[in-house]
Every structure is written in C-alpha cells, then in structure tokens.
C-alpha cells in the first residue's frame, strides 16, 4: 500500500500553483507607478543600446542656376542598458506546511510579491531622484539628466531642461519652466515643439499642484485674475498630475511630454517569475522570485526638472 510519506515531493508541489497565485496577486494588486514615468519596453538581448543622430539643418535659399546645398547627419551620444538580475526567496519545512493554521506561509508569499514590486519602484525612481547630479549618474552626454549644459552636437552651444536658478513650485517658476519647455530645440537648432503633458511631483506637493492647476482663479492674488494654467487655450494644458510616491526630494518637480517623445527608458529582460524546488532529504520547500531589468535615459528632451529652492 502506498502512503503520502512516499510521495513528499508530489504533495509539496501541489501547493505551488496556490503560492504563485498569492505572490502575483499581491505583486499586481496596486497599479505600478514607474510606467507613468518611463517608456517601458521588452528586451530579448543581454543588453540594449541606443544611439542619437543629429539630423539635417534648415534649407537655404538657392538662386536660379546655383547648385543644391547638401547636409548630413552627425553621430550623437550612445547609451548602453545592462540588465541587472534581482532575486529573493524563502524556505519552509514540510512540517510547517502541514501545521500552518494561521496562514503564515501565505503571508510570507504575499510579502515576497510586495518586496519585488517595491524594489522595481525604488530602483527606477533613482533616475529622477539623482537627475540633478552628474558624476556616476551622468547620462550619455556627460551631464546630469536635468542640466543647463546639455551639449548640442551639431549646432554647438548648450540645451537646457532646468531653471537657471532652482525654485519651489509656484506660479512664477511654473511659467518660466513651461516657457523653457516650449523653446526646446534639437541638436541642429530646430524647434521640437513638445507639449507639456504631465506634471510629476512628490506627495508633499500634491496640494500645491492642485491649487496651481485646478482652480478657476489664480491662487496668489485676490484680483479675480483667471488661472492661466487652467485656461491655456491651444497651449496643451497638462492632461495629468502624477504624484510619484518614490521621489525623495520633497521640493523637486518635473514636467514630461508624451512618453513616446521621451527617452527615459525601462527595459524588461525577464519579468518577475517564481521558481520552486523541494529538498528531498529535509522535505523543505524553497520558493524564489527572479527578475531582470535595466533603466536610464538616452536623451533629455521631453523632460524638464527643478530641484526646488534652497
């Protein structure tokens, strides 16, 4: 006669689909925040590379009978995305599986899903949190993501996507930032005409942003002046305000154009998955979760950031 003790692997493995369901239900129970900030892409290679090209300049007036004027593209800056592997797991004994009357294993599995989700958010948010410092966090053009000194490889000079003097989020600073945003050019000096689609803020600025953008009248005067941010006819008013809970600077604020116009990228090489194994001698069930991803920025245009005043 066969008994359960002869098939420990079978009986332990029967709980694996339930564990997977618990882990991934918790992993996806709250909408992730990073996809609102990054262009999320899938990768089928061990790394990804991007390269910018500065295109053609403006045409010239050509007199009758004169030769055509020709131009050519210029190599820009390259970026390599190296995928990082992440993992976390837990082990439980067969006795604990048999005697777990209080749902401890389910709670541990739930927390594994939460831990994986939290690691993604914390790591990805580093691109904005470190966006005002150069050095090790500099981008492909050698400066910080938000800088007044982005080199323009063809026209010469520098592009900017931050205020010359840092300022807290208010009417004056937002007006300056939106004007700068409108005047962004490509590497040849042509206007790129991006529309500000989203204001990205930390939780500490949620109510400040609401007063600035949603009121009918300006919040800084009693003169019944209309709120220009709300009534920006034909100027592409913000479609969304994203309260990004993983921003670490309570004063920093950011403007983003449509995601497809930006180059803040997040690559999934391996989306979160679980692996299970049973150690035969000890009858221990091991569960581990793995993922591989990379993120960063290939270009700065379409983003504007301000670290807040001193």
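Here are the numbers for the structure shown:
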| item | result |
| --- | --- |
| Exposure proxy order (Cβ contacts within 10 Å, fewest to most) of 82, 194, 145, 213 | 82, 213, 194, 145 |
| Order of 153, 61 - criterion: other Cβ atoms within 10 Å of each residue's Cβ, fewest first | 61, 153 |
| Estimated inter-spin distance, residue 60 and residue 286, nm [label 7 Å along Cα→Cβ] | 6.9 nm |
| Sites residue 74 and residue 193 - FRET efficiency at Förster radius 25 Å, r taken between beta-carbons, to 0.05 | 0.70 |
| R0 of 25 Å, Cβ-Cβ distance residue 175-residue 260: FRET efficiency to nearest 0.05 | 0.45 |
| Ranked 141, 249, criterion: other C-beta atoms within 10 Å, fewest first | 249, 141 |
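No value in this document is a laboratory result; all are computed from the given coordinates. Everything numeric in this text was worked out from a predicted model, so none of it was measured. So basically every Cβ, Gly included, is an ideal-geometry build from the backbone, and we count neighbours across all protein chains shown.
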